[in-house]
Amino acid sequence: MRILVVEDEKGIANFLRDGLKEEGFAVDVADDGKKGLNLSNENEYDIILLDWMLPGISGIEVCRLIRKNNVSVPIIFLTAKDTVQDTVFGLETGANDYIKKPFAFEELLVRIRVQLRTHEGEQTTLTIGDIEMDIDKHVVRKNHEEVSLTQKEFALLEFLLRNKNKVCTRTRIIEHVWDIHFDADTSVIDVYINALRKKLRGDDGTNFIQTVRGVGYIARKE
């Protein structure tokens, strides 16, 4: 899952970037409103964390412009403003949620997960065949037995299962699972796909992660 953080306070931005990466998110950071707006127009994000007070273009204006472009990505305002009027104003601008600084990282994570579930109608448990993924508990089981995955393997599997029965292009995978951009070489994906296949292969040798030659991968039951 890919998150855009628009925050001009370097300490907060770095804290959010590092914490969200540890949770398996791919994270882009912008330190002013114009950069944040440009990134939101150029890339596909699953959620945006948007500071209210930003240099250049305010968070309020960034939110308005995103909604003007009919982009429905969930937006959570991060702000020190704490009056009821401020909260109402922010939500009426088009934000989905509002969290006041200072905030606990655990609370922010809960709010992010709520928005993701609400926006995409997602469940906390994703399944395919005999594979079950519990997003909240960060656990994957095969035939009811826990499978040990690295953070990035978990994130890749989550993206594939959230898009079950849909072809996931290599570009979309690299954008949503990794926080780096590739011009052409996406071979790193193959390494992780092969690792997942080995760990999740069925007892009969079947595997639900299938290659769509020249395009990417698809998660579907054979």
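Derivation of every value follows stated rules applied to the coordinates shown; laboratory data play no part. Bear in mind the structure is a predicted one, so any value in this text is a computation, not a measurement. Cβ atoms come from the backbone with ideal geometry, glycine included; neighbour counts cover every protein chain shown.
Our estimate of slack between Val71 and Asn194, defined as 0.36 nm per intervening residue step minus the Cα-Cα distance, is 40.8 nm.
Given Cβ point charges of +1 (Lys, Arg) and -1 (Asp, Glu) and nothing else, what value in debye, to the nearest 20, does the dipole of the stretch 125-219 about its Cα centre take?
The calculation lands at about 260 debye.
Taking the C-alpha atoms only, the angle from helix 59-68 to the longest principal axis of the chain is near 60 degrees.
For Glu42, Glu146, what ranking results if the residue with the fewest other Cβ atoms within 10 Å of its Cβ goes first? Spell out each step's value before the answer.
Values: Glu42 8, Glu146 11.
Placing the least packed residue first, the sequence is Glu42, Glu146.
With the simple model of a label 7 Å out from the Cα in the direction of the Cβ, Lys142 to Asn14 spans 4.0 nm. The residues Phe105, Phe77, when put in order of fewest to most other Cβ atoms within 10 Å, stand as Phe105, Phe77.
Panel order for Tyr192, Tyr45, by other beta carbons found within 10 Å of each beta carbon, from fewest to most: Tyr192, Tyr45. Between 0 and 90 degrees, the angle of helix 33-42 with respect to the longest Cα principal axis of the chain falls at about 30 degrees. Once both axes come from the Cα atoms, what is the angle between helix 187-200 and the longest principal axis of the chain, in degrees from 0 to 90, rounded to 10? So the inclination is approximately 60 degrees. For the stretch 125-219, the fraction of C-alpha pairs more than 20 angstrom apart is 31%.
Please compare each pair in Lys81/Lys164; Lys137/Lys199; Lys21/Lys164 to a cut-off of 30 Å on the Cα-Cα distance and tell me which ones are over it.
Values: Lys81/Lys164 40 Å; Lys137/Lys199 19 Å; Lys21/Lys164 24 Å.
With Cα atoms farther than 30 Å apart: Lys81/Lys164.
Grouping the Cα pair distances of the chain into 10 Å bins from zero gives a pair-distance distribution of 7, 32, 32, 19, 8, 1, 0 percent in increasing distance order. Taking the Cα centre of the chain as origin and assigning +1 to Lys and Arg Cβ atoms and -1 to Asp and Glu Cβ atoms, the resulting dipole is close to 620 debye. Adding -39500 (n - 2.57) for every DSSP H run of four residues or longer, then dividing by how many residues the chain holds, sets the calculated 222 nm ellipticity at -13000 deg cm²/dmol. The H on the amide N of Val147, modeled in the peptide plane, is under 5 Å from the matching H of Val140, Arg141, Lys142, each at least 5 residues off or on a different chain. The length gained by stretching the chain between Phe103 and Met53 to full extension, at 0.36 nm per residue less their Cα-Cα distance, is 16.4 nm.
The HN-Hα couplings worked out from phi for the stretch 164-175 by the Karplus form 6.51 cos²θ - 1.76 cosθ + 1.60 (θ = phi - 60°) are 3, 6, 10, 6, 9, 5, 4, 5, 5, 4, 5, 6 Hz, whole numbers, x standing for Gly and Pro. The three principal axes of the C-alpha atoms in the stretch 2-120 carry coordinate ranges of 32, 32, 30 Å, sorted with the longest axis first.
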